[in-house]
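Asker: Pasting a structure below so you can have a look.
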Amino acid sequence: MDKNHERWSPLVNGLLLDQVEHLHDFEKRTWRMLLNDSSKQNHLVSVQKLCKEAQERLNSLKIYTDEIVQLRVGSTKRIFGIVEDGVVSIIWFDLNHEIYPVAKPHT
């Protein structure tokens, strides 16, 4: 967990505590259900597609992986982590879609 990032730490202002219900709902589903049946709301993301700051932060944390999982917990809120042996280790909580920016349709 990246506890020290000023915007993305899951511990900033108790943000992770606000998402406990979402996390509990995720526990009830399989990875297949989460990643395939969620209209692409939850998915694996290539590290190369993350913003430059996130890529650099992963390197500084010595987290070397090709992809991380993005879990949607609100309209713009996302949890990012690494899946190992079926368990996600949470790295960041992104309030504003900064880590994996996507173009809005029709813009």
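The values are calculated or read from the model by the stated rules, or taken from the named source; none is laboratory data. Bear in mind that the values here come from a model prediction, so they are computed numbers and not experimental data. Please note: Cβ atoms are built from the backbone with ideal geometry, for glycine as well, and neighbour counts cover all protein chains shown. Only protein heavy atoms, including side chains, enter the accessible area calculation; ligands, DNA and RNA are left aside. Shrake-Rupley method; radii C 1.70, N 1.55, O 1.52, S 1.80 Å.
Asker: Write down the accessible area per residue of the stretch 3-87 in Å², having rolled a 1.4 Å probe over the full set of protein chains. All intermediate terms of the calculation are to be shown ahead of the outcome.
Answerer: Values: 5650 Å² over 85 residues.
On a per-residue basis, 67 Å².
Asker: Could you check the simple spin-label distance between Gln41 and Glu98, using points 7 Å along Cα→Cβ, in nm with one decimal?
Answerer: Once both label points are built, they end up 2.4 nm from each other.
Asker: From the convex hull of the Cα coordinates of the chain, what is the mean projected area in square nanometres? Intermediate values should be presented prior to the final figure.
Answerer: On the way: hull surface 28.4 nm².
Result: a mean projected hull area of 7.1 nm².
Asker: What part of the accessible area of the chain, given as a whole %, is carbon or sulfur when the probe is 1.4 angstrom?
Answerer: 49
Asker: Sticking with this structure for a sec: What ³J(HN,Hα) values, in whole Hz, does the Karplus curve 6.51 cos²θ - 1.76 cosθ + 1.60 give for the stretch 75-86 when θ = phi - 60°, with x put for Gly and Pro?
Answerer: Ordered by residue, 3J(HN,Hα) equals 4, 10, 7, 9, 9, 10, x, 10, 9, 9, 6, x Hz.
Asker: Given a 1.4 Å probe and the protein chains all in place, what does the accessible area of Phe93 round to, in Å² to the nearest 10?
Answerer: Its accessible surface works out to 0 Å², give or take rounding.
Asker: Which trypsin sites (Lys or Arg not before Pro) in the stretch 56-107 sit in a loop by DSSP (not H, G, I, E or B) and have at most 14 other Cβ atoms within 10 Å of their own Cβ? Intermediate values should be presented prior to the final figure.
Answerer: Details: sites: Arg57, Lys62, Arg72, Lys77, Arg78; in loops: Lys62, Lys77.
Within the stretch 56-107, the qualifying trypsin sites (Lys or Arg not before Pro) (loop, at most 14 other Cβ atoms within 10 Å) are Lys62.
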